[in-house]
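Undergrad: Attaching a single structure in structure tokens format; questions to follow.
The values are calculated or read from the model by the stated rules, or taken from the named source; none is laboratory data. Computed from a prediction, not measured in an experiment: that's the story for all the values here. Cβ sites come from the backbone with ideal geometry, for glycine too, and all protein chains shown count toward neighbours.
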Amino acid sequence: MTNKVEIAQDHLLSKSCIKFTFHGKFTTEVCHQAVVEFNKKFQNSPAPFNFLWDCTPMAGFDLAARKEWITFLQSLEGKLGKVNVISDNIVTRGSARLLLKLFGLEGEVYKNYEEILQDKKGVNLNAA
């Protein structure tokens with residue numbers, strides 16, 4: 001599995017939502033590449049941004065990368081709206097909740113994409 005972060009707009013959840021899909025291990029190199037890509041794609045976009053972090057394909061992260069990611073988030077002060085996180089890994093969800101709380105970021109943590117859509121629409125997608 002390649003270590004990378006895919007970044008794209010995701011209009012399913014909100015008009016100004018940017019989706020980050022984390023693949024493999026989140027290292028400082030991967031973090032740096034993601035920040036550069038984000039700045040190239042969205043530097044001139046109107047703020048605030050809402051983020052969706054899909055950590056489902058993530059295999060883990062380095063603490064140094066997390067610190068660099070926090071620095072990136074702090075650089076977006078005043079531009080960052082809500083941060084929603086998706087992960088099927090309980091440890092990743094716990095880390096995400098802690099990060100959101102410690103840095104005063106508004107957002108929710110979900111187990112899967114279906115759960116976030118149910119929360120947004122208030123319906124059970126599996127209902128017949």
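Each row is one residue, and each column tells you yes or no for (1) in a helix (DSSP H, G or I); (2) acidic (Asp, Glu); (3) loosely packed, with under 15 Cβ neighbours inside 10 Å; (4) within 12 Å of the chain's Cα centre (by Cα).
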site	(1), (2), (3), (4)
GLU29	yes, yes, yes, no
LYS40	yes, no, yes, no
LEU52	no, no, no, yes
GLU68	yes, yes, no, no
ASP119	yes, yes, yes, no
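Undergrad: Limited to segment 15-27, what total is found for residues that are within 19 Å of ASN44 (Cβ to Cβ), touching a residue at least 12 places away in the same chain (Cβ under 8 Å) and part of a loop (DSSP other than H, G, I, E, B)?
TA: Count: 1.
Undergrad: Would you call ILE90 closer than 23 Å to MET1 by Cβ and either without any contact (Cβ under 8 Å) to a residue 12 or more places away in the chain or loosely packed, with under 14 Cβ neighbours inside 10 Å (or both)?
TA: yes
Undergrad: Suppose the filter is surrounded by fewer than 16 Cβ atoms within 10 Å (Cβ to Cβ) and modelled with pLDDT of 95 or more; does VAL36 pass it?
TA: yes
Undergrad: Could you tell me which numbered condition THR56 fails, if it satisfies all but one of (1) among the β-branched types (Val, Ile, Thr); (2) outside any strand (DSSP E or B); (3) farther than 17 Å from GLU115 by Cα?
TA: Of (1) among the β-branched types (Val, Ile, Thr); (2) outside any strand (DSSP E or B); (3) farther than 17 Å from GLU115 by Cα, only one is false for THR56: (3).
Undergrad: Pairs only if they're at least six apart or on different chains, beta carbon under 7 angstrom, first in segment 111-123 and closer than 14 Å to TRP53 by Cβ, second in a loop (DSSP other than H, G, I, E, B) and modelled with pLDDT of 75 or more; list them, first residue then second.
TA: Every condition considered, the pairs that remain are LYS111/ASP88; ASN112/ASP88.
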